[in-house]
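Trainee: This is the structure I have questions about; it appears just below.
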Amino acid sequence: METELIKLKTKQESSTKDHSQLIKKTFLKACQKLDASIFKPLIDEDQYFEELDKYRFLQSMKSQFDYLKGLGLEEVKLSMGTCKMCFVGDKVYEFYKEPNKGKPAFAYNIKEENGCIKDIFRCNYSDGHERDARNNSDPDITYLF
């Protein structure tokens with residue numbers, strides 16, 4: 001009987017990990033397509049990202065996407081980066097008009113624990129932001145590395 005309980009628990013954990021990977025894949029697709037509605041069906045009513053409930057989080061995505069669409073963008077390209085400020089070294093998903101050129105249009109950190117998504121939030125200073133800051137810096141400022 002104890003063995004069955006362990007198997008059941010393992011199957012449930014596997015199912016949760018699979019669902020988390022689906023959420024991640026769908027979230028990244030929604031970002032690339034600038035369409036929050038793609039992601040909407042996968043968020044539970046009681047799920048919070050960026051300390052925002054489902055509808056506020058989706059609205060923040062939509063506002064960001066609408067702004068970019070207003071600039072004439074139909075989609076953005078995904079590049080991988082790392083966080084340079086709050087969670088230094090964490091993997092960050094950066095989205096660009098053209099991959100790795102200029103500053104990212106936006107970037108997100110997807111916090112995972114044991115393969116399960118714990119949070120999704122914007123990263124405001126990643127590799128792309130740092131590169132852009134250096135490229136557009138005041139020549140009288142010396143960066144220390």
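The values are calculated or read from the model by the stated rules, or taken from the named source; none is laboratory data. Note that this is a predicted model, so its numbers are computed, not measured. Cβ sites come from the backbone with ideal geometry, for glycine too, and all protein chains shown count toward neighbours. All accessible areas refer to the heavy atoms of the entire protein, side chains included, with ligands and DNA or RNA removed. Shrake-Rupley method; radii C 1.70, N 1.55, O 1.52, S 1.80 Å.
Trainee: Could you tell me which residue of region 62-73 is most open to solvent (accessible area, probe 1.4 Å), considering only residues that are farther than 19 Å from residue 124 by Cα and free of Cβ contacts under 8 Å to residues at least 24 places away in the same chain?
Mentor: Among residues in region 62-73 that are farther than 19 Å from residue 124 by Cα and free of Cβ contacts under 8 Å to residues at least 24 places away in the same chain, the one most open to solvent (accessible area, probe 1.4 Å) is 71.
Trainee: Among the residues of region 47-61, count how many are among the aromatic types (Phe, Trp, Tyr) and open to solvent by less than 40 Å² (accessible area, probe 1.4 Å).
Mentor: Of the residues in region 47-61, 2 are among the aromatic types (Phe, Trp, Tyr) and open to solvent by less than 40 Å² (accessible area, probe 1.4 Å).
Trainee: Confirm whether residue 99 is outside any helix (DSSP H, G or I), open to solvent by less than 60 Å² (accessible area, probe 1.4 Å) and either of a type outside the set (Asp, Glu) or in contact with a helix residue (DSSP H, G or I) (Cβ under 9 Å, 6 or more places away or on another chain) (or both).
Mentor: No.
Trainee: Of the conditions (1) modelled with pLDDT of 95 or more; (2) of a type in the set (A, V, I, L, M); (3) touching a Ser or Thr at 6+ places or on another chain (Cβ under 8 Å), residue 78 satisfies every one except a single condition; which number is it?
Mentor: (3)
Trainee: Here's a follow-up. Can you name the number of the only condition in (1) at pLDDT 90 or above; (2) of a type outside the set (D, E, K, R); (3) in contact with a Gly (Cβ under 7 Å, 6 or more places away or on another chain) that residue 128 fails?
Mentor: (1)
Trainee: Could you tell me which residue of region 18-32 is surrounded by the most Cβ atoms within 10 Å (Cβ to Cβ), considering only residues that are without any contact (Cβ under 8 Å) to a residue 40 or more places away in the chain and either charged (D, E, K, R) or over 18 Å from residue 73 (Cβ atoms) (or both)?
Mentor: The qualifying residue surrounded by the most Cβ atoms within 10 Å (Cβ to Cβ) is 26.
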